[in-house]
1. Quick one: how many residues across the stretch 14-64 are more than 16 Å from the chain's Cα centre (by Cα) and among the small types (G, A, S)?
2. Just name the residue that is modelled with the highest pLDDT out of those in the stretch 137-161 that are among the aliphatic types (A, V, I, L, M) and surrounded by fewer than 17 Cβ atoms within 10 Å (Cβ to Cβ).
3. Could you grab me the full set of residues in the stretch 88-117 that are in contact (Cβ under 8 Å) with a residue 24 or more places away in the chain, touching a helix residue (DSSP H, G or I) at 6+ places or on another chain (Cβ under 9 Å), more than 22 Å from L7 (Cβ to Cβ) and of a type outside the set (A, V, I, L, M)?
4. If Y124 meets every condition in (1) of a type outside the set (S, T, N, Q); (2) under 26 Å from K40 (Cβ atoms); (3) part of a strand (DSSP E or B) apart from one, which number is that one?
5. Across the stretch 43-72, which residue is modelled with the lowest pLDDT among those that are under 27 Å from K111 (Cα atoms) and exposed (fewer than 12 other Cβ atoms within 10 Å of the Cβ)?
Amino acid sequence: MNFQFYLEKLYASDYFDKFIKENKDAFPVSGFFVLDLVGKDSQQHFDYYIPSTKKLFSFQLEKGGEPVPIELVEGFKANKIAMNYNFDFKDVDALIQEEMEKKEIKNKIQKFLFSLQIKDGKDYLVGTIFLSGMGLLKVNIDISEMKITAFEKKSFFDMLKITGKKK
């Protein structure tokens, strides 16, 4: 799917329309996209921050754009993301597949988790990709250039802290 398709879905939501009319100072700070290739757990959320009330809301497109309040963590900094991108997640998939071929990674992609956020002053898709065989990819994509800037394969077990018995 195309990023603009999801954005149009957000803008067409009655929830979002009411929210933006009531909160003229609100701005987008992140997006969250789950693309499930195996199951049916695909999701798309856009997060908006209201500086006047210091509140954050996530609009869940899979639920008609319903807003969900998000509790702010200490140190949260609201950085506005651009919404003028016109990338397709199929192109992102192809970019990742190409990098997997270069690195001779044979596992199959099962699920994409992407967060659209600002990193080092630029908008990035920060991704965790679940692979067959309990593998994971950690990927950063500079979306202004559609270029992978970080790519690392991990095992699911790398993510778990395994401790033995103390002697």
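The values are calculated or read from the model by the stated rules, or taken from the named source; none is laboratory data. Remember, predicted model here, so these are calculated numbers, not experimental data. FYI the Cβ positions are ideal-geometry reconstructions off the backbone, even for glycines, and counts take in every protein chain you see.
1. Here the count works out to 4.
2. Step by step, filter the stretch 137-161, then rank; the result is A150.
3. N107, K108, Q110
4. For Y124, the failing item is (2).
5. E71
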